[in-house]
Amino acid sequence: MKQIVISNKINYLGTNDRKKELFENNWPLPNGVAYNSYLINDDKTALVDTLEFGSKDDYLDVIASQLGGKPLDYIIVNHMEPDHSSMIGVLLKFYPEVKVVSNIKAFKMLEAYFKISPDNFLEVKEGEVLDLGYHKLTFYITPWVHWPETMMTYDKTDKVLFSCDAFGSFGTLDGGIFDDEINFAFYEDEMRRYYSNIVGKYSNMVQKAFAKLKEVDIKVICPSHGPIWRTNPAKAVELYDKWSRHESEEGVVIAYASMYGNTEKMADYLARLIAERGIKNIRIYDVSKTHASFIISEIWKYRGVVLGSSAYNAGMHPMMEHLCHELSVVGPKDKNYALFGSYSWNGGGLKSLIAFSEKVSWNKIAEPVELIGAPDEKKMEGFSSVAENIL
Ligand code: FEO
């Protein structure tokens, strides 16, 4: 295969995973995922992050071929989650002298996961420089983007930032690898779904990482998932900054759980009222059909959120409970919200939604609407206020 050159002496060595159904055994991958790894073939040689074990069967051959007989001196671990680090054990068998470069938090976890000998570790601290010859690598400790040991590596010579999960995206790289080779509209949705579900919980830490990198001149961003930003890295920074500040767009997400269609009718009725007010971005989701990760991504994007559930065993529907649980974990902020529900005898769906809403600090814009049995216009009068105030 042709070498994919990022910059002088830096090559892309990533791969696409189109087989895995669920990332972290939790998040659906209808468009797959890319694991990106980079080889710096300088006077001293370094791999920046590796791959998920088994995701590229010729990985070692490609490394050996590109090194052309030189030893591998360093493996830089920006993040030890196994989607980036689980090839290290195999690499150590081929390159037993290699130094695994990371911070003390990562070493504890690497030892626990892969039994790597401390003799192979080379600890780096904030701002320290590793001189490879032409390239000079500086390390920035950026905890919780996305695990506590996360750091970023910056090459001062060619101004390349290896950011690992930060600026990453779901979706395989189907031919186009760089931002100027792809239709970004597709990746923007998958990038936001990645951000909101994987990194979003740590948005304040993303802002801290930004503060640290403020003065760093970045020409190329090399994340460990998704496209590489060589033409417009400012776009990736702009999106991450916006999402981590919880800045949203005009629009409303209505997510409902309906057993026999009555709660769904309420969602449609409300959506029509909102549309009559001239709001164009309205998305309705059946939580039993659409995985929570997609709904959370849309909720991250839009300002208005309306959640509705039928009663189910005196609580909310289990699929709505799942969405609410995930929302309370990842914590989108600054939302205008309203609630609704339906029931057949004692209710419980709306009551549970209210209990959820008390845990998140969103802005309640109207009283909830609840009805028994099938909806009619009279029973849904309360939706006028929801439609009027949601944005
Ligand atoms: Fe791509 Fe947090 O691992």
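Structural remarks
- When the stretch 75-95 is filtered for residues that are over 17 Å from residue 142 (Cβ atoms), in a helix (DSSP H, G or I) and within 16 Å of the ligand (Cβ to nearest atom), the ones remaining, listed by number, are 82, 83, 88.
- Conditions (1) away from the ligand (no atom under 16 Å from the Cβ); (2) touching a Gly at 6+ places or on another chain (Cβ under 8 Å); (3) over 23 Å from residue 40 (Cβ atoms); (4) among the acidic types (Asp, Glu): number failed by residue 241: (2)
- Within the stretch 367-391, residues that are under 12 Å from residue 263 (Cα atoms) sit with their Cβ atoms under 9 Å from residues that are exposed (fewer than 14 other Cβ atoms within 10 Å of the Cβ) and of a type in the set (D, E, K, R), at 6+ positions apart or across chains, in these pairs: 369/381.
- Filtering the stretch 41-81 to residues that are β-branched (Val, Ile, Thr) and within 26 Å of residue 198 (Cβ to Cβ) leaves 48, 50, 75, 76, 77.
Conditions (1) more than 16 Å from the ligand (Cβ to nearest atom); (2) touching an Asp or Glu at 6+ places or on another chain (Cβ under 9 Å); (3) closer than 22 Å to residue 38 by Cβ, marked per residue:
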| residue | (1), (2), (3) |
| --- | --- |
| 195 | no, no, yes |
| 204 | yes, no, no |
| 215 | yes, no, no |
| 226 | no, yes, yes |
| 230 | yes, yes, yes |
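- Options 189, 83, 131, 180; residue that is open to solvent by less than 60 Å² (accessible area, probe 1.4 Å), of a type in the set (D, E, K, R) and either touching a Lys or Arg at 6+ places or on another chain (Cβ under 8 Å) or within 26 Å of residue 296 (Cα to Cα) (or both): 83
- Complete set of residues in the stretch 23-49 that are more than 16 Å from the ligand (Cβ to nearest atom) and either among the hydroxyl-bearing types (Ser, Thr, Tyr) or at pLDDT below 95 (or both): 45
- One residue alone among 129, 124, 145, 160 is within 22 Å of the chain's Cα centre (by Cα), away from the ligand (no atom under 16 Å from the Cβ) and assigned by TED's automatic domain parsing to the domain that holds residue 43, and that residue is 160.
- The residues of the stretch 96-107 that are open to solvent by less than 40 Å² (accessible area, probe 1.4 Å) and more than 16 Å from the ligand (Cβ to nearest atom), listed by number, are 98, 100, 101, 107.
- Members of the stretch 1-51 found to be more than 19 Å from the chain's Cα centre (by Cα), farther than 28 Å from residue 102 by Cα and assigned to a strand (DSSP E or B), listed by number: none
- Leading residue by the ranking (most open to solvent (accessible area, probe 1.4 Å)) among those in the stretch 50-74 that are in contact with a Ser or Thr (Cβ under 7 Å, 6 or more places away or on another chain) and within 16 Å of the ligand (Cβ to nearest atom): 53
- Residue within the stretch 205-224 that is within 11 Å of the chain's Cα centre (by Cα), under 21 Å from residue 48 (Cβ atoms) and in contact (Cβ under 8 Å) with a residue 24 or more places away in the chain present: no
The values are calculated or read from the model by the stated rules, or taken from the named source; none is laboratory data. Given the structure is predicted, the values throughout are model-derived calculations rather than measurements. Every residue, glycine among them, receives a Cβ derived from its backbone with ideal geometry; neighbour counts consider all protein chains shown. For accessibility, only protein heavy atoms count, side chains too; no ligands or nucleic acids. Shrake-Rupley method; radii C 1.70, N 1.55, O 1.52, S 1.80 Å.
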